[in-house]
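Engineer: Here it is, the structure in full.
Laboratory data are not the source of any read-out in this text; all were calculated from the coordinates shown. Quick caveat, the model's predicted, so the values are computed rather than measured. So basically every Cβ, Gly included, is an ideal-geometry build from the backbone, and we count neighbours across all protein chains shown.
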Amino acid sequence: MAQSTSTEKTSAGPNTVTLTDNSTGRSWELPILEGNEGPRVIDVRGLYNDTGFFTYDPGFGATASCDSAITFIDGEKGILRHGGYAIEDLAEHSSYMEVCYLLLQGELPTRAQRKEFESTITYHTMLHEQMLNFYRGFRRDSHPMSIMVAVVGALSAFYHDSTDISDPYQRMVASHRLIAKMPTIAAMAYKYSVGQPFVYPRNDLKYAENFLYMTFSVPCEDFKIRPALARAMDRIFILHADHEQNASTSTVRIAGSSGANPFACIAAGIASLWGPAHGGANEAVLQMLQEIGSKDRIPEFIQRAKDKDDPFRLMGFGHRVYKNYDPRAAVLRKSCHEVLDDLGKRDEPLLDLAMELERIALEDDYFAEKKLFPNVDFYSGIILQAMGFPTTMFTVLFALARTVGWVAQWKEMVEDPHHRISRPRQLYTGHPKRDFVPIDQRG
Ligand code: ACO
């Protein structure tokens with residue numbers, strides 16, 4: 001998209017908005033840009049040069065930071081689509097590998113393309129053997145997300161042949177490596193924390209199967225993969241694969257805008273995802289459900305969530321973009337029942353508690369007025385716990401699945417000939433200029 005600028009007002013057109021400075025009476029025409037769907041945007045790129053104003057939008061609630069063809073969200077209607085395909089259809093009929101291909105290439109693969117892509121990803125699943133030494137330097141009780149940030153960032157020290165971002169081939173190899181190695185890195189973080197030997201990848205297994213195998217198998221026993229669990233794992237990966245310009249993806253883009261290598265950028269994304277307001281919420285949901293403990297205590301916690309003087313929030317509820325039911329939460333709610341049935345845990349008390357909490361919250365005026373609905377994290381923790389993952393691994397799984405989204409968005413940015421370093425401005429609220437005071441005169 002060509003750089004455009006605002007212009008001093010001559011006449012208002014249908015594709016412009018008029019900005020008027022009431023203190024001087026000066027007006028400027030600002031172009032309106034239209035995407036294929038979603039709100040129109042006011043192009044303020046030339047604003048500062050033409051008018052001397054910055055825009056002010058902390059938290060970026062009304063700012064489109066880029067144009068992107070990867071993912072579309074309509075938060076009012078609860079719609080999420082990748083490449084035009086509804087998330088519900090992808091979760092039901094596709095596979096994570098297909099969705100990875102879709103996010104990277106913009107199209108679903110043909111049968112031959114899928115086979116080739118799967119075999120390429122499989123080819124890169126192993127880690128450089130020396131990287132295993134990194135794990136051994138960590139305390140056993142390290143949070144696995146801290147290990148993820150470190151090990152993923154360290155990939156750049158091992159794969160020099162895929163860090164030149166100006167080379168399309170190296171960009172592609174780095175993308176494949178990140179997607180392929182993430183399950184191995186994540187499973188090893190888990191193995192280290194429980195004191196079990198690392199399990200090497202098995203390339204005869206599908207992506208999700210291989211991850212479950214590396215996580216839960218031990219050398220002294222046969223390991224049988226339960227197809228229902230592998231399918232549920234794959235579906236969880238699909239549901240977390242991308243979510244347009246969220247905090248961690250924007251972090252990846254900002255890190256990448258300076259020309260940093262992709263491994264460093266994805267490590268930055270993992271750090272951003274870790275926070276409880278973002279990917280860390282699935283861990284926080286489980287902790288909250290355990291703290292609530294029983295249905296009769298739900299009203300007490302709902303009351304706390306509504307109390308302005310109490311920092312407590314209902315974790316897994318609310319979303320910056322969705323002002324309706326998060327479509328991913330709806331799929332996971334259904335999946336939750338299937339997984340628990342398969343594991344013979346139909347009467348799992350935490351699911352019962354979560355559903356009752358959801359019911360009471362959705363009937364409450366506070367949550368209705370603020371349009372707070374369950375988000376993707378509300379049900380994912382219950383499934384993951386039932387599958388045997390400790391809570392500290394929940395966000396790791398999110399990072400694993402989101403890697404393809406980060407990579408696709410990073411690639412899209414690097415390949416955009418108009419991309420520039422991301423450098424926001426500020427509204428300065430500090431001291432005006434003042435004279436330096438020598439220390440013996442400071443009182
Ligand atoms: N419980 C109680 N009140 C809430 C909640 C909640 N979970 N979420 C938002 N609110 C209230 C706020 O107090 C605020 O009220 P006010 O207008 O009276 O001040 C209003 O709703 C708007 O909240 P904001 O924090 O301004 O909304 P924002 O868009 O900045 O935050 C967020 C979105 C961070 C997701 C928030 O809803 C939240 O903290 N939720 C709990 C954490 C969570 O589940 N995060 C996962 C998000 S999904 C993901 O990252 C995968």
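Engineer: Just to be sure I follow the definition: excluding the sites themselves, where is the longest run in the chain that has none of the chymotrypsin sites (Phe, Trp or Tyr not before Pro) in a DSSP loop with at most 11 other Cβ atoms within 10 Å? Could you put the intermediate results ahead of the total?
Structural biologist: Details: sites that count: 56, 428, 436.
The reported range is 57-427.
Engineer: Something else now. Which whole-Hz ³J(HN,Hα) couplings does region 210-225 yield from phi under the Karplus relation 6.51 cos²θ - 1.76 cosθ + 1.60, θ = phi - 60°, glycine and proline marked x?
Structural biologist: Once rounded to whole Hz, the list reads 4, 5, 5, 4, 5, 7, 10, 7, 10, x, 8, 9, 5, 10, 10, 8.
Engineer: Within region 112-178, report the GluC sites (Glu not before Pro) that DSSP leaves as loop and that have at most 15 other Cβ atoms within 10 Å.
Structural biologist: none
Engineer: Further question on the same structure: Hand me the trypsin sites (Lys or Arg not before Pro) from region 59-158 located in a DSSP loop with no more than 16 other Cβ atoms within 10 Å, in residue order please.
Structural biologist: Within region 59-158, the qualifying trypsin sites (Lys or Arg not before Pro) (loop, at most 16 other Cβ atoms within 10 Å) are 77, 139, 140.
Engineer: Enter the angle in degrees (range 0 to 90, nearest 10) between the Cα long axis of helix 247-257 and the first principal axis of the Cα atoms of the chain, meaning the one along which they spread out most.
Structural biologist: Between helix and principal axis, roughly 70 degrees.
Engineer: Please report 99, 149, 173 as a ranked list, fewest other C-beta atoms within 10 angstrom at the top and most at the bottom.
Structural biologist: Ascending Cβ contact count within 10 Å gives the list 173, 149, 99.
Engineer: Mind telling me which of 355, 182, 393 comes out most flexible in a GNM of the chain, alpha-carbon contacts under 10 Å?
Structural biologist: Of 355, 182, 393, the Gaussian network model singles out 355 as fluctuating most.
Engineer: Specify the inter-centroid distance of region 310-350 and region 50-102, based on alpha-carbon positions, in whole Å.
Structural biologist: For region 310-350 versus region 50-102, the Cα centre distance is 21 Å.
Engineer: Within the set 308/370; 77/371; 206/411, which residue pairs have Cα atoms separated by over 21 Å?
Structural biologist: Checking Cα-Cα distances, 206/411 exceed 21 Å.
Engineer: Looking at region 304-356, which trypsin sites (Lys or Arg not before Pro) are DSSP coil and have at most 13 other C-beta atoms within 10 Å of their C-beta?
Structural biologist: Listed in order of number, the matching sites are 308, 346.
Engineer: Largest first and to the nearest Å, give the Cα extent of the chain along each principal axis.
Structural biologist: 78, 65, 58
Engineer: Using the reciprocal of the averaged 1/r over all distinct C-alpha pairs, how large is the Kirkwood radius of region 1-147 in Å?
Structural biologist: After inverting the pairwise mean of 1/r, the radius is 20.3 Å.
Engineer: To continue, here is another question. Against the longest alpha carbon principal axis of the chain, how many degrees, from 0 to 90 and to the nearest 10, is the axis of helix 111-123 turned?
Structural biologist: 80 degrees
Engineer: Which one, 363, 98, 412, has the greatest fluctuation when you compute a Gaussian network model over the chain with C-alpha springs under 10 angstrom?
Structural biologist: 363
Engineer: Could I ask something else about it? Taking Cα atoms, how many degrees apart are the long axis of helix 227-239 and the longest axis of the chain, rounded to 10 and kept between 0 and 90?
Structural biologist: Once rounded, one gets 10 degrees.
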